[in-house]
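The values are calculated or read from the model by the stated rules, or taken from the named source; none is laboratory data. Every value quoted in this text rests on a predicted model; they were computed, and no experiment measured them. Here the Cβ positions follow ideal geometry from the backbone for every residue, glycine too, while neighbour counts run over all protein chains shown. Surface accessibility is based on the protein's heavy atoms, side chains included, excluding ligands, DNA and RNA. Shrake-Rupley method; radii C 1.70, N 1.55, O 1.52, S 1.80 Å.
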Amino acid sequence: MDGNGRWAKAHGVPRVMGHNAGMQAMKKIVIATSNMGIKYLTVYAFSTENWKRSTEEVSGIFNLIVKYVNSELEELDENNVHINIFGEYDMLPKASVDAINKMVGRLADNDGLVFNIALNYGGRDEILRSVKALIAEGKDPDGLTEDDISKHLYSGSAHFDVPDPDLIIRTSGEERMSNFLTWQAAYSELMFTDTLWPDFAPEEYAEMIESYSNRDRRFGGRKEADK
């Protein structure tokens with residue numbers, strides 16, 4: 001969800017206001033995702049690299065987490081949304097951690113849209129954690145499989161079991177992955193838009209989903225007619 005800062009600069013407001021506008025955009029996309037019948041949605045909210053930003057901006061982002069939980073929890077529950085957190089969010093301020101735990105606990109039994117929030121998350125760090133976990137379990141390196149690593153990622157742990165993403169969308173004109181779902185994205189379709197995240201509307205989202213649905217995904221194979 002990229003472009004909050006640039007949106008704020010373009011509108012002559014503090015960066016935290018850009019993140020607030022981005023939070024409102026996220027709410028609309030969550031609703032649109034559920035209405036389209038999509039089962040899984042993962043958003044990149046805060047990366048392990050984002051700690052390099054100013055203390056004011058980082059604190060503002062964490063305060064918005066508390067605000068989002070307080071304002072949206074009832075509606076998320078009413079719409080049967082289930083939330084997972086990808087990342088070491090226990091490093092966040094206590095108020096944010098408490099709010100997240102409250103939200104995750106409240107929505108734990110819901111079985112509608114699975115909404116994954118990547119928070120203090122990095123794709124390479126996730127793979128490293130998976131490998132370390134396997135070593136700690138005494139796994140024989142010669143016997144390791146891709147499935148072993150997948151099961152030890154945030155998305156593959158026993159209580160998440162989230163499939164690899166079919167489509168990854170990045171806003172704001174940047175055309176790179178920036179350490180997002182590094183392992184899981186091996187065969188994901190990619191789409192990019194110049195639209196800044198706060199301006200990313202459900203209509204554009206639906207158009208991208210429609211475009212994706214017309215792609216031919218072969219996962220390294222060939223069309224049956226070409227064999």
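Miscellaneous remarks
- Residue satisfying condition, being open to solvent by 70 Å² or more (accessible area, probe 1.4 Å), modelled with pLDDT under 95 and either over 18 Å from the mean Cα position of the chain (by Cα) or not hydrophobic (A, V, I, L, M, F, W, C) (or both), within set N50, N63: N63
- When S188, S157, S130 are screened for being out of contact with any Leu (no Cβ under 8 Å at 6 or more places or on another chain) and of a type in the set (S, T, Y), only S157 passes.
- Of all residues in the stretch 20-49, those that are under 19 Å from L196 (Cα atoms) and aromatic (F, W, Y) total 2.
- Strands (runs of 3 or more DSSP E) enclosed by the stretch 103-203 - at least 1 residues per element that are without any contact (Cβ under 8 Å) to a residue 40 or more places away in the chain and charged (D, E, K, R): 189-192
- Applying the condition of being of a type in the set (D, E, K, R) and under 20 Å from A8 (Cα atoms) to the stretch 179-207 and asking which residue is most open to solvent (accessible area, probe 1.4 Å) yields D194.
- Test set (1) closer than 21 Å to N120 by Cβ; (2) open to solvent by less than 70 Å² (accessible area, probe 1.4 Å) - I169 fails condition number: (1)
- Residue in the stretch 71-90 that is surrounded by the fewest Cβ atoms within 10 Å (Cβ to Cβ), counting only those that are out of contact with any helix residue (DSSP H, G or I) (no Cβ under 8 Å at 6 or more places or on another chain) and within 13 Å of F115 (Cα to Cα): N80
- Consider the stretch 91-123 and keep the residues that are under 15 Å from I61 (Cβ atoms) and of a type in the set (S, T, N, Q). The one that is surrounded by the fewest Cβ atoms within 10 Å (Cβ to Cβ) is N120.
- The number of residues in the stretch 8-31 being part of a helix (DSSP H, G or I) and either acidic (D, E) or open to solvent by 40 Å² or more (accessible area, probe 1.4 Å) (or both) comes to 10.
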